[in-house]
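The values are calculated or read from the model by the stated rules, or taken from the named source; none is laboratory data. It should be emphasised that the depicted structure is a prediction, and the values quoted were computed from it without experimental measurement. As a convention, Cβ positions derive from the backbone with ideal geometry for all residues, glycine included, and neighbour counts pool all protein chains shown. Ligands, DNA and RNA are stripped out before the accessible areas are found, and what is left, the full protein with its side chains, is counted by its heavy atoms. Shrake-Rupley method; radii C 1.70, N 1.55, O 1.52, S 1.80 Å.
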Amino acid sequence: MGLCYTVGGKPVLSALKYFFYRLLTLAITLIGLVTLIFILIRSIPGDPARVLAGMMASEEDVNLIREQLGLNQPIYIQYFIYLKNLFTLNLGISFRTDSPVINEIFARLPNTLLLAVTSTCTAVIFGIPLGVIAASKKGGKLDFLLSTFSIAGISLPIYWLGLILILIFSVELRILPAGGSGTPMHLILPTLTIALYLMAFIVKITKASVIDSMEKNYVITAKSKGLSERTILYKHVLKNALIPVVTIIGLQFGALLGGAVITETIFAWPGLGRLIVDSINSRDYPMVQGSIFIFALLYALVNLATDILYTFIDPRVRLK
Amino acid sequence: MESRIIRAVDGIDFTVREGDCFAIVGESGSGKSTLGLSLIRLCPGDVSGEILIDGVNLLKLSEDEIRKFRGSKISIIFQEPSSALNPVMKVGDQLMEVFTVHGYSKSEAYQKSLQLLKTVGIPEAEKRMQTYPHQLSGGMKQRVIIAMAIALNPRLVIADEPTSALDVTIQAQILNLLKNLSQSYGLSTILITHDMGVAAELCNRIGIMYAGKMVEIGPLNSIFAIPLHPYTRALMSCIPRSLKENLKPLPGHVPDLSNPPKGCRFHPRCPYAKEVCTLEEPNLEKIDDRLVSCHRVGEI
């Protein structure tokens, strides 16, 4: 999905056309994705009817359940029914809970959104300034410290970090709950776990981007005008350097909307990520398909929002 | 009028008199752009010697002091107008910065910038102040850069290949602009170029640079009439005079400056080189109205 570049100040596509173009590519992507998910989930060994009926159930009971779920139909019929329902925004009924998939997802979505927003904001608020500091003190002690931190943050596995945080703050200090949800206190450790990783990433990207921008010719021009290093960094370099950083933040935030599967599992956080894992385990086809569909939709929308955000940062990318 | 002397050092001295245009001509890799950046102390490497403007040695100034000099006393025009402007900042804001950083108020800066854009021949100046660089053509961008460079009427303007990245028709326009500006402002200019034609268009004195050294310095007219140094001759024969005459490109290329040849740096490419040229480095000797560094200057 390309951006709309302007050539000599004239937009290649009008804003409206661009928007429809993006919606069309979004629709095509989603159809491809749901088809893939439909096939993939059915190629995992295991029979949902058998899972639901239990190990001890008779063959007749299993067949009965299979019929109720519509799994006795040929696979292409199942596919077309699924697609038809999707067009009316009907995501189906969960095999496991018998309630509409959409209700289950919307019950979990706010938790996932909350975690994604708090952790991304934390990471951005600390990551960008630290990245800029690392770049401006390149080669110094602070840069070394920050670089070490960001390498560690990126390479330490999230499940390890999460467990260590639980060990420190819940087991030893006993000041924060180890899992669950409901109060702001419950939010802190999962946020911290994701934010540390994300922040390490943002520090690294910001530093590299700032250093890269510092070597551009317009920086020499700015120096030749008599501007100080500080003014050049904040007035000239930063805005240029943030363009790639915004892309990374957008992509990472989009990925978090699908639920941070590991973090949510460690902290028993009732988000989308855990819903997907639980549904895969119980072969709950409609739930898996539904939640991945919603996830993909959100991801694509965040991407669109990132591209629109571009137009505010980079005047070379304009819609109108 | 007292003539003020500006001196740059790269093993050799040269001076630019007030209101003069001095051209530094050489092939790519001869060190001319490094020299240009060194003059305004923006060269990443160390610079030693003296750079004097109005008797002030730029190399002795503190970081804060040289910053006040840049833009106000000495300025530079770069080769690539497209990359020399900040892509995400409005043209007007970039221009106004020259004034605000040197103590002008915002409204003064705006008025002066507007006036400058008109001076450098940019139509619809009010509108252009609000545009971004990518909305301007290469020639227009170079006009903006020139406006920045002359904004505070500096003592010295360095123009580093100001037209090399532009179309031929635009080149002529920009050269004309520079010519008119240096006349009306009485600018002292150092023009860095690889193009003898461009140098002839703008300058009255010329220094030929080869492998980090000046090999011939003198008035443009006499160097064009009788080039003394073999390298100057070679450069001159690269200018096409008529359609019938074949171009005589100079064989070989500029030596690696980390390991320059012994003796005269030009001797490996020089048709007149003798044994002495491979052993001893020639000094700049005064011959009539110019300086030449060649062992064989009287004989050839």
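Structure values in brief
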| read-out | value |
| --- | --- |
| Yes/no for A:Lys204 being within 14 Å of another protein chain (Cβ to nearest Cβ) and not polar (S, T, N, Q) | no |
| Members of the stretch A:138-153 found to be touching a helix residue (DSSP H, G or I) at 6+ places or on another chain (Cβ under 8 Å) and not β-branched (Val, Ile, Thr), listed by number | A:Lys138, A:Leu142, A:Asp143, A:Leu146, A:Ser147, A:Phe149, A:Ser150, A:Ala152, A:Gly153 |
| Pair list, Cβ < 6 Å and 6+ apart or interchain, from the stretch A:119-147 residues that are over 22 Å from A:Gln252 (Cα atoms) to residues that are open to solvent by 60 Å² or more (accessible area, probe 1.4 Å) | A:Asp143/A:Lys137 |
| Selection within the stretch A:131-156 - among the basic types (Lys, Arg) and either open to solvent by less than 40 Å² (accessible area, probe 1.4 Å) or outside any helix (DSSP H, G or I) (or both) | A:Lys137, A:Lys138 |
| Unmet criterion (only one of (1) more than 22 Å from A:Val117 (Cβ to Cβ); (2) more than 14 Å from chain B (Cβ to nearest Cβ); (3) open to solvent by 50 Å² or more (accessible area, probe 1.4 Å)) for A:Asn217 | (2) |
| In the stretch A:71-130, residue most open to solvent (accessible area, probe 1.4 Å) [restricted to those that are part of a helix (DSSP H, G or I) and of a type in the set (Phe, Trp, Tyr)] | A:Phe87 |
| Pairs where the first residue, in the stretch B:36-51, is modelled with pLDDT under 85 and the second is among the β-branched types (Val, Ile, Thr), C-beta under 7 Å, 6+ apart | B:Cys43/B:Thr34; B:Gly49/B:Val9; B:Glu50/B:Val9 |
| Residue in the stretch A:261-279 that is within 12 Å of the chain's Cα centre (by Cα) and open to solvent by 20 Å² or more (accessible area, probe 1.4 Å) present | yes |
| Whichever residue in the stretch B:60-89 is more than 8 Å from chain A (Cβ to nearest Cβ) and not in a helix (DSSP H, G or I) and, among such residues, is surrounded by the most Cβ atoms within 10 Å (Cβ to Cβ) | B:Ile77 |
| Condition met for A:Ser181 (on the phi < 0 side of the Ramachandran plot, away from every other protein chain (no Cβ under 14 Å), part of a helix (DSSP H, G or I) and not aliphatic (A, V, I, L, M)) | no |
| Options B:Val215, B:Val254; residue that is touching a residue at least 24 places away in the same chain (Cβ under 8 Å), more than 21 Å from B:Asp289 (Cα to Cα) and open to solvent by less than 40 Å² (accessible area, probe 1.4 Å) | B:Val254 |
| Residue within the stretch B:98-113 that is farther than 25 Å from B:Leu42 by Cα, more than 8 Å from chain A (Cβ to nearest Cβ) and not in a helix (DSSP H, G or I) present | yes |
| Of all residues making up the stretch B:114-142, the number that are more than 12 Å from chain A (Cβ to nearest Cβ), open to solvent by 30 Å² or more (accessible area, probe 1.4 Å) and in contact with a Gly (Cβ under 7 Å, 6 or more places away or on another chain) | 0 |
| Residues located in the stretch A:287-320, provided they are within 14 Å of chain B (Cβ to nearest Cβ) and open to solvent by less than 20 Å² (accessible area, probe 1.4 Å) | A:Thr311, A:Asp314, A:Pro315, A:Val317 |
| Flag for A:Ile243 being under 30 Å from B:Ala147 (Cβ atoms), in contact (Cβ under 8 Å) with a residue 12 or more places away in the chain and surrounded by fewer than 22 Cβ atoms within 10 Å (Cβ to Cβ) | yes |
| Residue selected from the stretch B:266-296 under the condition out of contact with any helix residue (DSSP H, G or I) (no Cβ under 9 Å at 6 or more places or on another chain) and assigned to a loop (DSSP other than H, G, I, E, B), by the criterion farthest from B:Tyr210 (Cα to Cα) | B:Glu280 |
| Residues satisfying the stated conditions in the stretch A:31-70, i.e. charged (D, E, K, R) and open to solvent by less than 50 Å² (accessible area, probe 1.4 Å) | A:Asp47 |
| The stretch A:23-45, residues that are under 16 Å from A:Tyr79 (Cα atoms) and among the aliphatic types (A, V, I, L, M) | A:Leu30, A:Ile31, A:Leu33, A:Val34, A:Leu36, A:Ile37, A:Ile39, A:Leu40, A:Ile41 |
| Filter result for B:Thr163 (in contact with a strand residue (DSSP E or B) (Cβ under 9 Å, 6 or more places away or on another chain) and either of a type in the set (D, E, K, R) or more than 12 Å from chain A (Cβ to nearest Cβ) (or both)) | yes |
| Those residues of the stretch B:145-160 which are assigned to a helix (DSSP H, G or I) and within 10 Å of chain A (Cβ to nearest Cβ), in sequence order | B:Ile145, B:Met148, B:Ala149 |
| Among (1) over 30 Å from A:Leu91 (Cα atoms); (2) open to solvent by 10 Å² or more (accessible area, probe 1.4 Å); (3) of a type outside the set (Ser, Thr, Tyr); (4) more than 22 Å from the chain's Cα centre (by Cα) - the single one A:Arg283 does not satisfy | (1) |
| Single residue of B:Ser182, B:Ser137 found to be out of contact with any strand residue (DSSP E or B) (no Cβ under 6 Å at 6 or more places or on another chain), over 24 Å from B:Gly31 (Cβ atoms) and of a type in the set (Gly, Ala, Ser) | B:Ser137 |
| The stretch A:17-42 residues that are farther than 22 Å from A:Lys84 by Cβ, paired with ones that are open to solvent by less than 80 Å² (accessible area, probe 1.4 Å) (beta carbon under 6 Å, 6 or more apart) | A:Tyr18/A:Cys4; A:Tyr18/A:Leu319; A:Arg22/A:Leu304 |
| Single condition A:Ile168 does not satisfy, out of (1) of a type in the set (A, V, I, L, M, F, W, C); (2) more than 24 Å from A:Phe295 (Cβ to Cβ); (3) touching a Ser or Thr at 6+ places or on another chain (Cβ under 6 Å) | (3) |
